[in-house]
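Enquirer: Sharing a structure here in structure tokens format.
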Amino acid sequence: MQEQVPLALSRFYAAISDLGSSAPEAHKFRDKTVALISSSSAISSRNARYILLSSIRLLSRLCGQITVHLPEAALEAKSECEALSELEGVEFFYESSSFCDYRKYDAVLCVENFDSEVNHEGTITFVGSYRWLAQISSKPIRLPQEDCDFNPIAAYGAACIAVADVFKELLQVKATRASKLDDLCFSFYSLSAGLDGGASLKGTRASRMLLIGAGAIGSAVAYILREMPLYGLLDIVDYQKYGIENLATTIYLNRHDIGKSKSAVAANYASNHLIAVGHEAKLEDWLRTNQSPLPIVLAALDNIPARHFAQQSIWPDILIDGATGSFLSQVIIHRWSATDPCLLCLFEEPVKSSDADQVAAVATGLSVTRATQRHSNVTVDDVNAAPVAQREWLKQRIGKEICSVIQEGIASSISSESQPSTFAPAAPFVAGLSACMMVASLYRYLEAQAPEFNRFQFDALIGPAAGQHYKEVPKPGCVCQTRRTNIEAFRNNQF
């Protein structure tokens, strides 16, 4: 892994670092080359075009060199593809040749079928979608092409799964960690493997909805909602502005949006069928001014206190929470009328050795244990063990006493007006999969087809077929149970 990490890739590199020795090519993945190909018949499908463009958006955040091979007839798609070369440092090419030796690429992603002559030596990942079904295979995929069966949830989910497979190829992730996918058919309706594509989407009117957070997950939710046949009002609340570090994890972001309000950019993107309004404010401040009931809440938050506050401040009819780890994708559904555990039941604050030690560790990149050893000196081992984005800063302080390094780190974090030097691990395809499950859960709720489970999670590298469904119950001592009568009164007053 490189010592100096570009700020735009800091969160993604942090996720990669968690793979450790399972990804022997991690140190040079940005130098790898990827080919993205499709055919005339496939590109005429709205699902395939959405997968193609979404794959370019995702790959441009991972790869240093992308070559798109499309047929001569796909000139309109060419202009769309070229417009998506957004991440600085990415070499983007377009070729319309009918034949190419794909062995010269480190990975090849093919959208659905490919009718012209293809050299199949080496690994090609084929991807397609139909209605609620996402399909990924090492062999060509042929799916129905009816545009009336366009489903952005399954199409974007298919792109995310396929790009995750390409990611494994680029980093040469060991099979003991996650093997390449083959013949995966996954329904984003039932969140299970199978061949049932389900019914076509139909126009649905939603009551007022609130999206909290427009970061990696929230932006992907907005990206999908733009194409969903949902009608109504969507409020988006986020007090932050987009920074360079968001480029690699925010699906629609480009450098022109840096410094702009996250909520405003997300609302502008989501506005299509929905009327989306962005609010650059902290949730607690916005709630003081909001006079309307909030029956549907989509939570795209990255910490436990924020989840607890959202739950306790609103108690909506349904709260759908999306969460990610380095490669974990998860959705949680809390329905007030059902016996679902709330976010206070499911997310407990971890036990910390000391708040002061934790703050010191976050500010410096040292481990909590080393942060307690105030009179020891910073070593090379400390640097190697630090989060990738903080290694260079810590390396410059090798030999200094830890207590002085902590003082410097905390002072810097307090005085800086920018984001902290370390960011939670995140990969765009992981956040995208969580967003797909959130929007799918929203649609099912609006259609009165709620699932029996209230939590689903899976490792994005292993694939959703190995995911786990959970039907959990509330904790008896949680406020959602002990103060249920008071909460009911609060809800009656609000709604």
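Residue-by-condition table, conditions (1) small (Gly, Ala, Ser); (2) under 22 Å from Ala427 (Cβ atoms); (3) touching a residue at least 12 places away in the same chain (Cβ under 8 Å):
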site	(1), (2), (3)
Gly197	yes, no, yes
Lys202	no, no, yes
Arg226	no, yes, yes
Ala281	yes, no, yes
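Residue-by-condition table, conditions (1) in the same structural domain as Trp315 (by TED's automatic domain parsing); (2) exposed (fewer than 15 other Cβ atoms within 10 Å of the Cβ); (3) farther than 21 Å from Gln330 by Cβ:
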position	(1), (2), (3)
Ile212	yes, no, no
Tyr231	yes, yes, yes
Asp235	yes, no, yes
Thr249	yes, no, no
Leu253	yes, no, yes
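Enquirer: While we're here: Select from the range 147-186 the residues that are in contact with a Ser or Thr (Cβ under 8 Å, 6 or more places away or on another chain) and surrounded by fewer than 18 Cβ atoms within 10 Å (Cβ to Cβ) and write down the one among them that is modelled with the lowest pLDDT.
Expert: The residue in question is Asp147.
The rows are residues; the columns are (1) crowded, with 16+ Cβ neighbours inside 10 Å; (2) closer than 24 Å to Ile161 by Cα.
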{"position": "Pro425", "(1), (2)": "yes, yes"}
{"position": "Val430", "(1), (2)": "yes, yes"}
{"position": "Ser434", "(1), (2)": "yes, yes"}
{"position": "Ser441", "(1), (2)": "yes, yes"}
{"position": "Tyr445", "(1), (2)": "yes, no"}
{"position": "Asp459", "(1), (2)": "yes, yes"}
{"position": "Pro464", "(1), (2)": "yes, yes"}
{"position": "Glu472", "(1), (2)": "no, no"}
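Enquirer: Restricting to the range 36-65, count the residues that are of a type in the set (A, V, I, L, M, F, W, C) and either within 12 Å of Val163 (Cα to Cα) or free of Cβ contacts under 8 Å to residues at least 60 places away in the same chain (or both).
Expert: 9
Enquirer: Does the range 308-329 hold any residues that are assigned to a strand (DSSP E or B) and either among the polar types (S, T, N, Q) or out of contact with any Ser or Thr (no Cβ under 6 Å at 6 or more places or on another chain) (or both), and which are they?
Expert: Ile318, Leu319, Asp321, Ala323, Thr324, Leu328, Ser329 - these are the residues of the range 308-329 that are assigned to a strand (DSSP E or B) and either among the polar types (S, T, N, Q) or out of contact with any Ser or Thr (no Cβ under 6 Å at 6 or more places or on another chain) (or both).
Enquirer: State all residues of the range 392-409 that are touching a strand residue (DSSP E or B) at 6+ places or on another chain (Cβ under 7 Å) and part of a loop (DSSP other than H, G, I, E, B); if no residue qualifies, say none.
Expert: Gly399, Lys400
Enquirer: Identify, by number, the condition in (1) β-branched (Val, Ile, Thr); (2) out of contact with any Phe, Trp or Tyr (no Cβ under 6 Å at 6 or more places or on another chain); (3) farther than 16 Å from Ser326 by Cβ that Ile16 doesn't meet.
Expert: (3)
Enquirer: Please count how many residues of the range 196-244 are in a loop (DSSP other than H, G, I, E, B), among the hydrophobic types (A, V, I, L, M, F, W, C) and over 22 Å from Ala306 (Cβ atoms).
Expert: 4
Enquirer: Touching a residue at least 24 places away in the same chain (Cβ under 8 Å) and among the aliphatic types (A, V, I, L, M): is that true of Ile258 in this structure?
Expert: no
Enquirer: Filter the range 442-470 down to the residues that are in a loop (DSSP other than H, G, I, E, B) and more than 25 Å from Leu294 (Cα to Cα) and list them by number.
Expert: Passing the criteria: Ala460, Leu461, Ile462, Gly463, Gly467.
Enquirer: Right, something else. Considering the range 396-407 alone, what residues qualify as being under 34 Å from the mean Cα position of the chain (by Cα) and in contact (Cβ under 8 Å) with a residue 24 or more places away in the chain?
Expert: Those that are under 34 Å from the mean Cα position of the chain (by Cα) and in contact (Cβ under 8 Å) with a residue 24 or more places away in the chain: Val405, Ile406.
Enquirer: Could you list all residues from the range 226-250 that are of a type in the set (Phe, Trp, Tyr) and closer than 15 Å to Asp302 by Cα?
Expert: Tyr239
Enquirer: Quickly run through the range 330-348 and pick out the residues that are over 23 Å from the mean Cα position of the chain (by Cα) and either loosely packed, with under 15 Cβ neighbours inside 10 Å or in a loop (DSSP other than H, G, I, E, B) (or both).
Expert: Trp336, Ser337, Ala338, Thr339, Asp340, Pro341
Enquirer: Taking the condition of being under 19 Å from the mean Cα position of the chain (by Cα) and without any contact (Cβ under 8 Å) to a residue 60 or more places away in the chain, how many residues in the range 179-195 meet it?
Expert: The total comes to 1.
Enquirer: Quick one: would you say Val277 is of a type in the set (A, V, I, L, M, F, W, C), in a strand (DSSP E or B), surrounded by fewer than 17 Cβ atoms within 10 Å (Cβ to Cβ) and touching a residue at least 40 places away in the same chain (Cβ under 8 Å)?
Expert: For Val277, the condition - of a type in the set (A, V, I, L, M, F, W, C), in a strand (DSSP E or B), surrounded by fewer than 17 Cβ atoms within 10 Å (Cβ to Cβ) and touching a residue at least 40 places away in the same chain (Cβ under 8 Å) - is met.
Enquirer: Could you say whether any residue in the range 239-253 is modelled with pLDDT of 95 or more and touching a Cys at 6+ places or on another chain (Cβ under 9 Å)?
Expert: There is no residue in the range 239-253 that is modelled with pLDDT of 95 or more and touching a Cys at 6+ places or on another chain (Cβ under 9 Å).
Enquirer: Now a separate question. Starting from the range 366-395, take each residue that is acidic (Asp, Glu) and list its partners that are at pLDDT 90 or above and part of a loop (DSSP other than H, G, I, E, B), counting only C-beta distances under 7 angstrom and pairs at least six apart or across chains.
Expert: Final answer for the pair search is Asp382/Leu366.
Enquirer: Test each condition in (1) under 20 Å from the mean Cα position of the chain (by Cα); (2) not assigned by TED's automatic domain parsing to the domain that holds Gly20 for Glu169 and report the one that comes out false.
Expert: Every listed condition holds for Glu169 apart from (2).
The values are calculated or read from the model by the stated rules, or taken from the named source; none is laboratory data. Nothing here was measured: the structure is a model prediction, and the numbers come from that model. Here Cβ is always computed from backbone atoms with ideal geometry, including for glycine, and neighbour counts include all displayed protein chains.
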